[in-house]
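Here is the structure we will look at.
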Amino acid sequence: MTSAVSSLREPKGHRPHLLSEELVRDLAAAGQADVLVGIPTLDNAGTIAAVVRAVMSTFVGPLARERTLLLAADGGSSDGTPEIVRGLQSDAPDVLLTRRALRTIHRISTPYHGVPGRSGALRIVFAAASLIGARAVVLIDPDAVALTRDGVARLTRAVLDDGFSLVKPVTRRSPWEQPLVTQLAAPLLRAAYGKRLREPVATQFACSGRFAADALSSDLWDRASAGHGVDEWLTTRAMSSGVRIAQVWAPSASEPIHQRRPPAAEVFQQVVGVLFECLRTDLHGWTAIRGSSEIPTLGAAEEPTLTRPPFDLTEFASAFRQGVHDLAPLLEPTIGADDLAAFARAAAVTPLHVAPELWARAVWRAFSASARGALPASQVVASLFPLYLGRVAAFLSETEAASAPDANARHEEVALAFEETKALLVDPNAAPREVRT
Amino acid sequence: MAPGKADPLWYKDAVFYELHVRSYADSNGDGIGDFRGLEGKLDYIAELGVDCIWLLPMYPSPLRDDGYDVADYSSIHPDYGTLDDFRSFLDAAHARGLRVLTELVINHTSDQHPWFIEARSSRDSAKRSYYVWSDTDARYEGARIIFCDTEKSNWAWDPISKEFYWHRFYAHQPDLNYDDPRVFEEMWRIMKFWLDHGVDGFRVDAVPYLFEREGTSCENLPETHTVLRALRRRLDDEYPGMGKLLLAEANMWPEDVRPYFADGNEFHMAFHFPVMPRIFMAIQLEDRKPLVEILARTPDIPSECQWGIFLRNHDELTLEMVTREERDYLWDEYARNPAARLNLGIRRRLAALVEGDRRRIELMNVLLMSFTGSPFVYYGDEIGMGDNIALGDRNGVRTPMQWTRERNGGFSGADPERLYQPVIVDPVYGYEAVNVEAQVRSPSSLLSWMKRITGVRRSSKVFGRGEFAFLHPSNHRVLAYIRTYGEENVLVVCNLSSTAQAVELALSPYEGTIPVEMFGGSVFPRVSQQPYVLTMGPYGYYWFILRWL
């Protein structure tokens, strides 16, 4: 029955505050905004001033007519980062260049509590954006010291003007950089969801206010892996839900320089572990998809740089060979005896040659093993790491004399291998925990 | 294809828009609105934020009661077009996501209907018992006379068959006799005819009066509910899951209307008539008491049912459901000119009733859009159209829609003297001052504001489906309530007075929430255990969504 009048009762949805009193007051003072730029900070005193200045110059330049707010969500800096954010003179000449701001520029630095890590900061940013009704939310890294105002503006415009829900940057990154993206994350998600997103795990991105609000109300924040994998969760959420995704050519200088990178094995465990978990919890969202298509890419493409990271191929090859040997008891139930034998054969020759098809099959089978629960997911991912090093070493040595376009063409071979092996290995009607291999 | 079939409870969230084809837009220059003209205005209606159009009677009729005297239920009045024109309109409406309700005049026909002509032709006619006959006018004396200004009895003498016939409304509208089961079958055949054409439901006219029994008021009788439930059962059986709607017109106290919902198996919706005059009364008294009282005496209804609420409609502002003191007060305050009074009501439009006061028009619509029930907007009220009480009966509130400042208000290209009735031309409400064209171009117009409020209402199901709980601040000039649906809570605060007010609200159950004003998105201070203090301008209002952040 529906009553015309009820008595006031204890409302549902009561939960601890996400936003502090001080932040709510600051947000109320700032008022409704069109664009909220969020910067998760933690001891970034060395870089934050430059990043904030770049954002502020965007606010007085390309976004001068929008209502804007910069929110730095600080995880407990002890080096004075919040004070630097608050203390910067927004009308200082180096910020304003030759322009005057049309309206008051709002800049907030707030501490956040609870679960530390990037997800805690993003949650605060999304909550603030939801509260003030921001139409676009832009996430910027605190160490993107060479950030240009064009980079922020292009991301923002793709949301505000073109109506995209999630926009990731594309930079002129060298084809030899970030092999975890080129050899695994990008081809895996491309094959899974059929969308050719070049930088799926980029930590700088823009999204619509609605996307942020939807993500805010989801349960992803309660997942343990969201602490370090929130970007993967958001990307797969966008891909799975069918919202409009784009990528924007951003000036290469906007690519962050992470100053405190954890060891490669730890990064691999985090990134791949989260990607596998994302896919495992969304089997209905992708298993039936075959092939892939381009997604809108805005802006003019730029020539890639030719930077060759100082990877130690000998060390990679050595770790690969040792891993194939030492982890055989783990790898056999994970990727199967035949492929383990193929990796063993690859390990026995110099230079290394790990074919894209073999690599793609290993990844899908490792995913399947984790999805089936045959082995703990962390063990599966850990056993995959030496194979990854082998694949990277093979790629680097095979393209040692290659041009950038040729090296990029190899990335395409890998991506196609992931798509083709998915078609062979993944049951399109897979129900949860029943991925066939 | 009707829109949104997936949700059979669509009417709980809907904003309804009542209009008369005759009054809306004339496509062929004959001075009378028609379906082709209406079809041309569907984009306007959709942009208004409306979900469903309620069409006043469109059937062939002598038009002695504006079409409620139906002479043929299965056709279109030739003034309004053809059945093909109607189908084209219906398809176009559905293509825009708009549903369409038509009128089902179930209680009576015109005396020009073939059934009545045949019935009166002879006391032995096969259709004689389609109507209620008597050789005396002394039966059913417990039944009140509804149109007391024009009718002296519910019986009229038929000089042809030399007997009295029963009529609860005008004498030219003989009541159908549902004691003859053939009448039920005829009415179902008519419903099916229109449902098969694609209409989304019916506003069923004058439902309390279907049966007559000696010693009763001849209203709300058990036999009436039996018939209505049987019609509903047919509807559900033959159109399952299609969201077809039955809406009852029963101008009664809510406890008397309640049985029309039965156990959710009679009407989906019914108008809540007594709310409307109390909105006018509360604002004139500057006191929330009338509204609090009427909702307090409103009974629970089945969860799949819904009240329909309105500020004004095509009839007079009915004052039947108020006390004599309240009626006298409302007449004195809103109808000082005796010519504005009709039967037990006031025949004026919304804007004219509040002397064109934009603040009061907004406040009343704020109440309409946030109260418990689905709101009905009467055509023209969205731009603040006026009326012409010189036109007699209720015709003064049924004048042509004012589209532009051109001839006839853009309603028709006919010579003005050929219009079905004149457009409003007075300096305040005339079409040169009040028209759609001008208001579309002004972001601060009433029309633009109406689009905003329907947009805000549509942004949440809380208004259509949420629970409703009053707050009780000591300042009685302020009406405040919480709408709750799931985890969503909306606080509505209205200053009913013409002066600025401060109010302290006890919001402690919502401690920790952050009120966000829904029209502008402004963030207000977080709610605490302390009374929440708001200051409000004259006739000011707030809709706050209470966010847990």
When residues of region A:4-31 are limited to those that are hydroxyl-bearing (Ser, Thr, Tyr) and at the interface with another protein chain (Cβ under 7 Å from one of its Cβ atoms), the one nearest to residue B:471 (Cα to Cα)
A:7
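Working only within region B:80-119, note down all residues that are of a type in the set (Gly, Ala, Ser) and loosely packed, with under 15 Cβ neighbours inside 10 Å. Spell out how you get there, then give the answer.
Of all residues in region B:80-119, those of a type in the set (Gly, Ala, Ser) come to B:81, B:88, B:92-93, B:95, B:97, B:110, B:119.
Within region B:80-119, B:95, B:97 qualify.
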By residue number, the members of region B:340-371 that are modelled with pLDDT under 95 and among the polar types (S, T, N, Q) are B:343
Conditions (1) in contact (Cβ under 8 Å) with a residue 60 or more places away in the chain; (2) assigned to a loop (DSSP other than H, G, I, E, B); (3) under 27 Å from the mean Cα position of the chain (by Cα); (4) within 14 Å of chain B (Cβ to nearest Cβ): number failed by residue A:62
(4)
Which of the residues that make up region B:79-95 are out of contact with any Asp or Glu (no Cβ under 9 Å at 6 or more places or on another chain) and farther than 10 Å from residue B:198 by Cβ?
B:82, B:83, B:84, B:95
Looking at residue B:251 and the list (1) within 20 Å of residue B:101 (Cβ to Cβ); (2) modelled with pLDDT of 95 or more, which single condition is not satisfied?
(2)
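Could you check region B:24-36 and list, in sequence order, the residues that are of a type outside the set (Phe, Trp, Tyr), at negative phi and touching a residue at least 60 places away in the same chain (Cβ under 8 Å)? Don't jump to the end; show me each part of the working.
Just the residues of region B:24-36 that are of a type outside the set (Phe, Trp, Tyr), to begin with: B:25-34, B:36.
Pick out the ones that are also at negative phi and you get B:25-28, B:30, B:32-34, B:36.
Hits for region B:24-36 are B:25, B:26, B:30, B:32, B:33.
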Go through (1) at pLDDT 95 or above; (2) touching a Phe, Trp or Tyr at 6+ places or on another chain (Cβ under 8 Å) one by one and return the number of the condition residue B:387 breaks.
(1)
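Quick one: would you say residue A:113 is in contact with a Leu (Cβ under 7 Å, 6 or more places away or on another chain) and modelled with pLDDT under 90? Give the steps one after another, and end with the answer.
Numbers: in contact with a Leu (Cβ under 7 Å, 6 or more places away or on another chain): no; modelled with pLDDT under 90: yes.
Criteria not met by residue A:113.
Inside region A:172-249, counting only helices (runs of 4 or more DSSP H) that do not spill past its ends, which hold 2 or more residues that are within 22 Å of residue A:33 (Cβ to Cβ) and either in contact with a Lys or Arg (Cβ under 8 Å, 6 or more places away or on another chain) or among the hydroxyl-bearing types (Ser, Thr, Tyr) (or both)? Spell out how you get there, then give the answer.
Details: elements: A:186-193, A:209-216, A:226-241.
Because the criterion is at least 2 residues that are within 22 Å of residue A:33 (Cβ to Cβ) and either in contact with a Lys or Arg (Cβ under 8 Å, 6 or more places away or on another chain) or among the hydroxyl-bearing types (Ser, Thr, Tyr) (or both), the helices (runs of 4 or more DSSP H) in region A:172-249 that meet it are A:209-216.
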Can you tell me how many residues in region A:107-163 are assigned to a helix (DSSP H, G or I) and in contact (Cβ under 8 Å) with a residue 60 or more places away in the chain?
25
Members of region B:500-549 that are in contact with a helix residue (DSSP H, G or I) (Cβ under 8 Å, 6 or more places away or on another chain), polar (S, T, N, Q) and surrounded by 15 or more Cβ atoms within 10 Å (Cβ to Cβ):
B:522
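Residue under question is residue A:36, and the condition is that it be more than 7 Å from chain B (Cβ to nearest Cβ), in contact (Cβ under 8 Å) with a residue 12 or more places away in the chain and of a type outside the set (Asp, Glu); does it hold? So that I can check it myself, show each step before the final result.
Numbers: more than 7 Å from chain B (Cβ to nearest Cβ): yes; in contact (Cβ under 8 Å) with a residue 12 or more places away in the chain: yes; of a type outside the set (Asp, Glu): yes.
The answer is yes for residue A:36.
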Hey, residue B:219 closer than 25 Å to residue B:310 by Cα, touching a residue at least 24 places away in the same chain (Cβ under 8 Å) and not in a helix (DSSP H, G or I) or not:
yes
Sole residue being modelled with pLDDT under 95 and within 31 Å of the chain's Cα centre (by Cα), chosen from B:508, B:528, B:459, B:444:
B:459
Condition first: surrounded by fewer than 19 Cβ atoms within 10 Å (Cβ to Cβ) and out of contact with any Leu (no Cβ under 9 Å at 6 or more places or on another chain). Can you find one or more residues in region B:195-203 that meet it?
yes
Taking residue A:22 and the conditions (1) within 27 Å of residue A:227 (Cα to Cα); (2) buried (at least 16 other Cβ atoms within 10 Å of the Cβ), which numbered condition does it fall short on, given that it satisfies the others?
(2)
What number goes with the only condition from (1) assigned to a helix (DSSP H, G or I); (2) touching a helix residue (DSSP H, G or I) at 6+ places or on another chain (Cβ under 6 Å) that residue A:395 does not pass?
(2)
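The values are calculated or read from the model by the stated rules, or taken from the named source; none is laboratory data. The structure displayed is predicted, hence computed values, not measured ones. Every residue, glycine among them, receives a Cβ derived from its backbone with ideal geometry; neighbour counts consider all protein chains shown.
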